[in-house]
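See structure below.
The values are calculated or read from the model by the stated rules, or taken from the named source; none is laboratory data. Please read these numbers as outputs of a predicted model, since none were measured by experiment. Cβ: placed from backbone, ideal geometry, glycine included. Neighbour counts: every protein chain shown. When the accessible area is computed, the model is the full protein with side chains, heavy atoms only, and any ligands, DNA or RNA have been set aside. Shrake-Rupley method; radii C 1.70, N 1.55, O 1.52, S 1.80 Å.
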Amino acid sequence: MRAFVGVAGTLLGGAVAVALAGTVLAHATTAPHQLRAQVSGTASTPQGELPHAFLELDTWPDSMAGEHGPSGGSHPDWVSYGPASSLSVPAHSLVTVTIRQYDTGGELNNDFFGTVRGTVDGTATVDGRAVTQVDPTEVGHTFTIHAIPSSQDPLFVSVPLPAVADDAPVLDNGYPAPHVITFSFITGGPGSYVWQCEYPCGDGTYANFGGPMSAQGYMEGTLTVG
Amino acid sequence: MTDTLTTAPADAPGGPPTVPAWKRAPIAPILGIFVVLCALLTPFALFVPAHLMGDAASAHMRGIESTVTAFSLASVPVAALVWAVTIYSIIGWRHRGSEPPAEEAPPLRGNTVVQVVWLVLSSVLCLFLLIWGLAVLRPTPSAASAGQPLMVEVTGQQWTWSFGYPDNGNATADRLVLPVNQPVQFRVTSKDVIHSFWIVQMGVKVDANPGETTLASVTPDRIGTFDIRCAELCGLYHAYMQTTVQVVSADQFASWVQAQPRATS
Amino acid sequence: MSTATVTLTHGPEELGEVRGRQRLAVLLLIAADAAFVLSLVFTYFYLRALDTEGGWIPQDGRTVGPTAGWVIAGVAVLSAVAYRWGELGIRGGRRGRLLAGSSAALLLVLADAALQTIQLGNLPMPTTDGAYASSFIVLAGYHLVHLVMTAVFGIGICNRARLGRFSAANHSHVEMVGLWWIWVAVSALLTAFTTSFVGT
Amino acid sequence: MVDTAVAETAIGREPRRRVPRLNVLTGVVCGLILAGAGWGVSSWLLSAGDYGADRVVSITMVCWAVGFLVGVGALAGPIRWLLGRDLSVADEHVLAGKDQGVGRYFRFTTDHKVVGVQYLVLSMTLFGVGGLLAMLIRTQLIRPGARFVSPQTYNTIVGMHGIIMIIGTIIMVSGPFGNFILPIMIGARDMAFPRLNALSFWLICAAVPVLLATFFFGGIPTGWSVYAPLSDQAPAGMDCFLITIIIFAISSGIAGVNITTTAVKMRARGMTWTRTPIFVFGTVSSVALGVIAFPMFMAAMVLEGLNRTTGTVFYDAAHGGSAWLYAHLFWLMGHPEVYVILLPAFAAVLELTPVFARKPLFSFLGAVTGIAGIIGLSMFVWAHHMFISGWAPALDGPFMLTTELISIPTGLLILVLLGTLWRGTVWMRLPVMATFAMLWNFIIGGITGIYLSDVPVDQAMHGSMFVTAHFHFTLMGGALTGFAGALAYWFPKMTGRMLDERLGMIGFWIIQIGFNVTFLGMFAVGLAGQPRRVADYPSLFATGNLVSSIGAYIIGSGALIYLYAVVHSWRHGRRAPGNPWGAKTLEWQVPTPVPLENFTVLPVVTSDFYGYGEGGSAAPTPAPRRIAAPVPSGAAATTQEGGTA
């Protein structure tokens, strides 16, 4: 009997330890909130009449704006997407994303990401002008969606966001006047995807892909279609 | 292999002398277990690994699958022998109780014949493995003589693959499309850390190293969609560094590659 | 039973036995250190042979000549010789000679460390440019680490020699440090040899 | 050379002031103080620079380790040697923990038996932490698309699970049993260098908090193999990892030198090499291999640390470095290291099997040859980890050969086990269960290893879950199982109590069943093409992963039951007689608990220890034949002042 109680107690203790550690670790990195695309009306697309969803994002040269709070969280000097990194869009819809790009930039280490890919008719609109590619030496960030090929529908979208010139006028909020990039893509069935930046913007680390480039909530996040 | 074990000195009286050695315990029951295990393991070795590995999409992958099957079959008797003795020792030679058993067992301190046979057999198995491996590794003459292979540049970057077709006007794509029955040579490199370019169903795997270009070649021979995965932990989104390869007819490939964006440089 | 009992006195362990143990242990430690040094040598030659993207030599082409390395190795060898001279002295019971030899050796090691520091402080190439610079720095830097360790042992031996702790019959610590000293000299020569190969 | 052995001029001096009663608490306090000072100074001076964060973290961690060692009293001996004020005999006795009760387990105690128990508790603690992380990994992978933890956290968990288990398994046999049992087994009074012995343990204790700090400095995205240049990119957690490995490599080097010297030089009179127990061979060859292998690992880590803190470019291809260089240095250690883990555990099973089969070890020479063959070949197989790196395709064939050759000596060890069981009278006690489980698991691990040694098959399997399953079958199914057996076998001698067999059996077999379920599932998904170390996977692999996760929870339950059996028996178990198994090796001939210096009278060996059933020898008496006289006070002292005689 005593052995039984002891064993049961040990098993319980182990379960509690795993649960505690798991909860702590799971909560330590969960993104605070999800940004849902706003559906308004329908749009005619190559795939017929689909609901039209809108998503607005910003890319900041630091973390003072966006989801990390006004103090910038634990890494105020990291570049960051905002207002959230956990995105959600409806299935079987046309999703139009508008990104205000406040950051300067430089040369891509892979020209591949200088081309707009996966959007409706392969274009994006930069400050009102339709483009298919951006000068790979003047890219600020990219918005690149990809996924594990699985039973869910494939989705690959990559849009380069041109860099803001160093001498761009400064706005009231302290950031330079942004480039506004708009593009649309069509979602398939429900699924989970990830998105990230492919411009090496994690300064100071090897290949500039550390820091904000390797931490969810800054230059990458998740995209839930559903 | 089992028979050699009967040469162990049989100083303990077994059955009557008229019974041949292999019919006496423990040889006969161990042989029985051995046969049963072989009967169970052989179909497993024949079908299960190859089935799990899925349908191959290249001759190379078929070679790998038959290698796995062959090695599994070769190891069936080895595993069955070891496990037969193990199982029998649990059943046939057990002694329960809190007191140590008397020391009645034959004090075998080794048996030269058994050891030599064991060593020779394991060396022969080893040689078989080596020769088989080298034979599969040898480049197939058909691939070499099939003319100019299609060149594909594969670039790993955290955490996506990108593909370039230098022979087709520098077309670029985020997923791979290949013409069927056409030898392909991959020139694999990385922009940052080590990735590993793995086409699962074609048995192609080579690391994408920064600063180096590594080569791999294959001739896909089945139309369909197959998986490309990164096989070397490469950071945050390593799990998501996956895409597909579509093997299509030569005509479809030609029209597809025409439609792809060109490299900017 | 498989053991027989004898009335071995639970007495002092023989000096020779203890010395044998220490000797084996020091040799093993040297083997471990040699594995480390050889890893660095391997690093040097491997990167030199690969010359990835022509990045072995720094972009402005400036490198360290081999002469300084051999001078530094030479001083290390001299100090090992001086130590050995002192060690042979105590073998004959001459404590004064041990003190003189080990002090001279210690001074030479400190001088060598100074030379090595000066060399590392005045490199013609930046540390972040080229695999050559990195491989050179780590080899030379580890020689400096060796010298510091040797200096610590040397201080101990000098101090104990001063206090008269060693005799002709009992000087195993002197021998053990002597083995290490010789290895440091050998590894200095190895370093000088390795860094003599500059170009690809 | 800075050790106790001979206090050369201890004569005629007053007994000195006792060594201060430092313990683990003063160590922690001193470590924290020095770490704080290091952090303050370094962040004041360096944090603005290019590699600021890495420099500050590295310096802080080194300061902690040094402070901890100073505080725990590890440096007292060397400093007094430098000053020429050697420890007196009385000091040595205090250091050895004479008459100190439980407190000696929390001090820098030189008695090899104390160090052995310390190692045992440490390795089991590491298994606890590593196992907890394994549970989290399997929880994440229960189903595809699970977002239990973020990929970043997941990668850190995978890497930490790996390195904690690697460290835990490296020390699990040669630490506890190599320290506690081996010196008694060879008839010695202590290790060759008792202070180095304690130092090797406390170095690991200094390293463990550094390792755990990894979690708080951004983790490691690299797995335990920390491949460069991914490690160049990692957050400051990587610095903690590097410092840990450097400290651990020093510790293993010291322990290896110590154990090797003890076994080579301190065997009892008459214990020739052919009379030396096989466990001694296994342990010594393992730790001696480590002496050569770990410095290379350390070199790889030092170079990486320099990359991160000073901007050198060893692994940076853009500046003439090479990622392959890291792979070479790492695997030059990495493959011998698996034998460092495996051999002592295998040797422990070889040691206990004759005891329970009541038969001599079948082919002692074969066992020694097998161990020697594995050791010899293990230095020449590293490049099979690099078959697909594109490093040198022309060398694939030769390395395929060496790798396959290593199955021959390994097979010899299997033959030795089988031959020992052959027609024995197998006494079904808990320790010998490890023999059966190992024969099952290790065959699977070995055969799957042969697939991986084949270059074409490796093109399909490398970096997949198949590899993960394979090395768990060898390291967990083989080595950890051997550890469980060794623990059950030597538990009565180490703790003075019998291990609860009923609970032990239940726990042991639940672990084995769960283990096979887990990793057979993993073989399946590996064959189907699931990469290892992934935080998420396509739904194709859902079934296999679910099976693996269920199996993992079964292992967890079994491990907890086994743990309870150990802890409970340690406190409340039945008192053990001196020789409960009727074994013949020397450690069972001394009383339990073992007195401070093991033997009052040193034994002389006249035959080997496997003479079961030979020459009509009577059943061994459970009690030791020689009654050890109480240690006369002061008698032990004479060992320490040989030089003065």
Check your understanding: Does D:Leu126 satisfy the condition of being touching a residue at least 12 places away in the same chain (Cβ under 8 Å) and crowded, with 18+ Cβ neighbours inside 10 Å?
Key -> yes
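To keep it simple, each residue is scored yes or no on (1) at the interface with another protein chain (Cβ under 10 Å from one of its Cβ atoms); (2) open to solvent by 40 Å² or more (accessible area, probe 1.4 Å); (3) under 30 Å from A:Tyr206 (Cβ atoms).
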| position | (1), (2), (3) |
| --- | --- |
| B:Glu65 | yes, no, no |
| B:Thr69 | no, no, no |
| B:Ala80 | yes, no, no |
| B:Leu121 | yes, yes, no |
| B:Leu129 | yes, no, no |
Point to revise | Tally, over segment D:91-103, of residues that are surrounded by 17 or more Cβ atoms within 10 Å (Cβ to Cβ) and away from every other protein chain (no Cβ under 14 Å) | key: 8
Review point. From the set of residues in segment D:316-344 that are under 17 Å from D:Ala372 (Cβ atoms) and open to solvent by less than 10 Å² (accessible area, probe 1.4 Å), which is nearest to the other protein chains (Cβ to nearest Cβ)?
Key: D:Pro336
**Study point:** Matching residues in segment B:32-61 - criterion: being away from chain D (no Cβ under 11 Å), surrounded by fewer than 19 Cβ atoms within 10 Å (Cβ to Cβ) and either more than 21 Å from the chain's Cα centre (by Cα) or more than 22 Å from B:Val82 (Cβ to Cβ) (or both)
**Key:** B:Gly32, B:Val35, B:Val36, B:Ala39, B:Phe47, B:Asp55, B:Ala59
**Study point:** Unique match (being surrounded by fewer than 19 Cβ atoms within 10 Å (Cβ to Cβ) and among the aromatic types (Phe, Trp, Tyr)) among C:Phe136, C:Phe153, C:Phe166, C:Phe193
**Key:** C:Phe193
Practice item. With respect to D:Ala299, determine if the residue is under 30 Å from C:Trp56 (Cα atoms) and in contact with a Ser or Thr (Cβ under 8 Å, 6 or more places away or on another chain). Key: yes
Practice item. Tell me, yes or no, whether segment D:538-551 has at least one residue that is out of contact with any Cys (no Cβ under 9 Å at 6 or more places or on another chain), closer than 30 Å to D:Val114 by Cα and surrounded by fewer than 21 Cβ atoms within 10 Å (Cβ to Cβ). Key: no
Practice item. Just give me the residues in segment D:380-408 being in a helix (DSSP H, G or I), open to solvent by less than 30 Å² (accessible area, probe 1.4 Å) and within 9 Å of chain B (Cβ to nearest Cβ), in sequence order. Key: D:Met386, D:Asp396, D:Gly397, D:Met400, D:Glu404, D:Ile408
Review point. Yes or no: C:Ser135 at the interface with chain D (Cβ under 8 Å from one of its Cβ atoms), under 25 Å from D:Tyr315 (Cα atoms) and hydroxyl-bearing (Ser, Thr, Tyr)?
Key: yes
Practice item. Please tell me if D:Ile164 is under 17 Å from the mean Cα position of the chain (by Cα), buried (at least 24 other Cβ atoms within 10 Å of the Cβ) and within 14 Å of chain A (Cβ to nearest Cβ). Key: yes
Point to revise | Residue list for segment C:17-50, filter: of a type outside the set (A, V, I, L, M, F, W, C), more than 7 Å from chain D (Cβ to nearest Cβ) and more than 30 Å from D:Ile259 (Cβ to Cβ) | key: C:Tyr44, C:Arg48
Check your understanding: Does D:Leu303 satisfy being under 19 Å from C:Tyr46 (Cα atoms) and either out of contact with any Pro (no Cβ under 6 Å at 6 or more places or on another chain) or surrounded by fewer than 24 Cβ atoms within 10 Å (Cβ to Cβ) (or both)?
Key -> yes
Study note, to complete from the structure: D:Ala372 fails exactly one of (1) out of contact with any Phe, Trp or Tyr (no Cβ under 8 Å at 6 or more places or on another chain); (2) under 23 Å from B:Leu81 (Cα atoms), namely (2)
**Study point:** Enumeration of residues in segment B:165-189 that are open to solvent by 10 Å² or more (accessible area, probe 1.4 Å), outside any loop (DSSP other than H, G, I, E, B) and within 14 Å of chain A (Cβ to nearest Cβ)
**Key:** B:Pro166, B:Thr172, B:Thr189
**Study point:** Residue list for segment D:201-248, filter: open to solvent by less than 20 Å² (accessible area, probe 1.4 Å), touching a Gly at 6+ places or on another chain (Cβ under 9 Å), outside any loop (DSSP other than H, G, I, E, B) and without any contact (Cβ under 8 Å) to a residue 60 or more places away in the chain
**Key:** D:Thr214, D:Leu230, D:Gln233
Check your understanding: Across segment D:579-602, what is the total count of residues that are polar (S, T, N, Q), open to solvent by 20 Å² or more (accessible area, probe 1.4 Å) and touching a residue at least 60 places away in the same chain (Cβ under 8 Å)?
Key -> 1
Exercise for review: Could you tell me whether segment C:111-131 includes any residue that is open to solvent by less than 10 Å² (accessible area, probe 1.4 Å), at pLDDT 90 or above and over 30 Å from D:Asp316 (Cβ atoms)?
Suggested key: yes
Study note, to complete from the structure: Of those in segment C:15-37 that are among the β-branched types (Val, Ile, Thr) and in contact with a Phe, Trp or Tyr (Cβ under 9 Å, 6 or more places away or on another chain), the residue surrounded by the fewest Cβ atoms within 10 Å (Cβ to Cβ) is C:Ile30
Check your understanding: Going through segment B:203-222 one residue at a time, which ones are within 9 Å of chain D (Cβ to nearest Cβ), open to solvent by 10 Å² or more (accessible area, probe 1.4 Å) and part of a loop (DSSP other than H, G, I, E, B)?
Key -> B:Gly211, B:Glu212, B:Thr213
Exercise for review: Residue by residue through segment D:358-379, note down the ones that are part of a helix (DSSP H, G or I), over 20 Å from B:Ala105 (Cα atoms) and not small (Gly, Ala, Ser).
Suggested key: D:Leu365, D:Val368, D:Thr369, D:Ile371, D:Ile374, D:Ile375, D:Leu377
**Study point:** Pick from segment B:246-265, criterion surrounded by fewer than 23 Cβ atoms within 10 Å (Cβ to Cβ) and hydrophobic (A, V, I, L, M, F, W, C), ranking: nearest to B:Thr189 (Cα to Cα)
**Key:** B:Ala263
Check your understanding: Cβ-Cβ below 9 Å, separation at least six or inter-chain, first residue in segment D:550-565 and within 12 Å of D:Ile506 (Cβ to Cβ), second open to solvent by 30 Å² or more (accessible area, probe 1.4 Å) and acidic (Asp, Glu): which pairs?
Key -> D:Tyr564/D:Asp500; D:Ala565/D:Asp500; D:Ala565/D:Glu501
Review point. Counting residues that are open to solvent by less than 40 Å² (accessible area, probe 1.4 Å) and at pLDDT 85 or above, which strands (runs of 3 or more DSSP E) fully inside segment A:1-101 reach at least 3?
Key: A:48-60, A:86-89, A:94-101
Practice item. Select the strands (runs of 3 or more DSSP E) contained entirely in segment A:105-204, then report the ones holding at least 1 residues which are buried (at least 18 other Cβ atoms within 10 Å of the Cβ) and within 14 Å of chain D (Cβ to nearest Cβ). Key: A:139-146, A:191-196
Exercise for review: Of the conditions (1) part of a loop (DSSP other than H, G, I, E, B); (2) away from chain B (no Cβ under 14 Å); (3) in contact with a strand residue (DSSP E or B) (Cβ under 9 Å, 6 or more places away or on another chain); (4) crowded, with 21+ Cβ neighbours inside 10 Å, D:Ser569 clears all except one; give me its number.
Suggested key: (1)
